[in-house]
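Have a look at the structure below before the remarks.
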């Protein structure tokens, strides 16, 4: 078990070091997410009044879109020079490689969310920051669910010529339950008064999705990675 | 945990991709000290064979045995004794030479502090150890990639078109390193379509065309002439 987590951390650390040097994915992901939010704010905020509950949807749309972009870029890096093959030929547990890549993706999206949430809160006059104790687990679990499926699909499609088209086609339908739970949970927190009990229920549902998605991904990663 | 072996046997090995037969019924063996040249034109099935030997591609039928171990059952343990170097060099260009080697050494559970300086020295890159790989020439990258593939002292070294883009000096350096490894008892399998580079390096030749093995024999000087006559008679 120790070896498993050592390998996962090693892969995560390697991705983090590369990103720290290039900052390519973090910049593109953030710029894309910020653009999404600004464009939505132009549409959904009329005469200074935001559309009711729009903020919940905007946060999750920004996460899904920018997350898809980040997933593609992360595995593009492994495709160039075929380093994914070098990872797979190591005697390390292949599921640990998946967990390492997943940790990197969750960390990247979490960093993006730290900037996105206050921006949405300001532009859409939403009390997101006041609900942080419940919003944070909601975002974290939603991000793990989305990235859990996305990391598996992005790795699977890394050699496909049409990977940029196929990734969202495969990813969005499967992660619809995660998105619904995330939006409904966030929306419950933005009600006046807030409905923490409802949000907690959605957090529980998200945790269940995460367990199912990540378990399935760990189980299928090894056979899916063998050509 | 790794498993040791001094012989690799492919038995009736086939691989299909959809309706296309990439490798068809190949039976072949290689043992320690062999430098086996997998020769054939582009698209002959050499890379698929290398992929199956590396346990990255699953055979459609047939078996691969590494000593007494079966690739389909003990692949994780076998992978610990295989080194792979392909045309794509399996290096992260954003990382330095030292960071690349340290990462792969740790991935194999090796003592990076002890092994990496020796590998950098063998690659002739000690003075460039802390430069990003993206700033290296093709020859420097190839030498580094070879040492990366050798970090864990593999019993079986698989090379897929390892000489592409190398100048004469780099070809000589890589060839000499392969001869050293074979002399030390490793099994070296080189897939290439470049007969001039294979000539004088390989000790055995397996000629492949359209996924089929059409010759398996000891190498002799004049590989190009022999190759043409074999292809003509196949």
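Details
- Residue among A:62, A:86, A:92, A:54 that is more than 14 Å from chain B (Cβ to nearest Cβ), crowded, with 23+ Cβ neighbours inside 10 Å and touching a helix residue (DSSP H, G or I) at 6+ places or on another chain (Cβ under 9 Å): A:62
- Residue ID - surrounded by the fewest Cβ atoms within 10 Å (Cβ to Cβ), chosen from residues in the stretch A:142-190 that are in contact (Cβ under 8 Å) with a residue 40 or more places away in the chain and part of a loop (DSSP other than H, G, I, E, B): A:159
Yes/no matrix, rows are residues, columns are (1) buried (at least 20 other Cβ atoms within 10 Å of the Cβ); (2) modelled with pLDDT of 90 or more; (3) in a strand (DSSP E or B); (4) within 13 Å of another protein chain (Cβ to nearest Cβ):
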{"residue": "B:1", "(1), (2), (3), (4)": "no, no, no, yes"}
{"residue": "B:22", "(1), (2), (3), (4)": "yes, no, yes, yes"}
{"residue": "B:33", "(1), (2), (3), (4)": "no, no, no, no"}
{"residue": "B:42", "(1), (2), (3), (4)": "no, no, no, no"}
{"residue": "B:59", "(1), (2), (3), (4)": "yes, yes, no, yes"}
{"residue": "B:102", "(1), (2), (3), (4)": "yes, yes, no, yes"}
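- Residue count for the stretch B:61-96, restricted to those that are at the interface with chain A (Cβ under 7 Å from one of its Cβ atoms) and part of a strand (DSSP E or B): 2
- Consider the stretch A:15-36 and keep the residues that are without any contact (Cβ under 8 Å) to a residue 12 or more places away in the chain and facing chain B (nearest Cβ under 10 Å). The one that is surrounded by the fewest Cβ atoms within 10 Å (Cβ to Cβ) is A:20.
- Residue in the stretch A:2-9 that is within 23 Å of the chain's Cα centre (by Cα) and surrounded by 17 or more Cβ atoms within 10 Å (Cβ to Cβ) present: yes
- Residue within the stretch A:98-110 that is in contact with a helix residue (DSSP H, G or I) (Cβ under 8 Å, 6 or more places away or on another chain) and within 18 Å of residue B:88 (Cα to Cα) present: no
- Remark: residue B:115 matches the filter, which requires a residue to be touching a helix residue (DSSP H, G or I) at 6+ places or on another chain (Cβ under 7 Å), touching a residue at least 12 places away in the same chain (Cβ under 8 Å) and either within 14 Å of chain A (Cβ to nearest Cβ) or not in a loop (DSSP other than H, G, I, E, B) (or both).
- For the stretch B:6-20, filtered to residues that are outside any strand (DSSP E or B) and either touching a helix residue (DSSP H, G or I) at 6+ places or on another chain (Cβ under 8 Å) or over 25 Å from residue B:152 (Cα atoms) (or both), the residue that is farthest from the other protein chains (Cβ to nearest Cβ) is B:19.
- Residues of the stretch A:1-14 satisfying the condition of being at pLDDT below 90 and within 14 Å of another protein chain (Cβ to nearest Cβ): A:2, A:3
Yes/no per residue for (1) at pLDDT 85 or above; (2) more than 24 Å from residue B:10 (Cβ to Cβ):
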{"position": "B:142", "(1), (2)": "yes, yes"}
{"position": "B:157", "(1), (2)": "yes, no"}
{"position": "B:166", "(1), (2)": "no, yes"}
{"position": "B:186", "(1), (2)": "yes, no"}
{"position": "B:219", "(1), (2)": "no, no"}
{"position": "B:225", "(1), (2)": "no, yes"}
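- Residue check, residue B:132 farther than 19 Å from residue B:38 by Cβ and more than 10 Å from every other protein chain (Cβ to nearest Cβ): no
- The residue that is nearest to the other protein chains (Cβ to nearest Cβ), counting only those in the stretch B:46-57 that are crowded, with 24+ Cβ neighbours inside 10 Å and closer than 22 Å to residue B:224 by Cβ, is B:49.
- Residue match in the stretch B:164-182 (condition: within 14 Å of chain A (Cβ to nearest Cβ) and either surrounded by fewer than 18 Cβ atoms within 10 Å (Cβ to Cβ) or closer than 25 Å to residue B:227 by Cβ (or both)): yes
The values are calculated or read from the model by the stated rules, or taken from the named source; none is laboratory data. Small disclaimer: the values here were computed from a predicted structure and weren't measured. Counting neighbours? That spans all protein chains shown, and the Cβs are built from the backbone with ideal geometry, glycine included.
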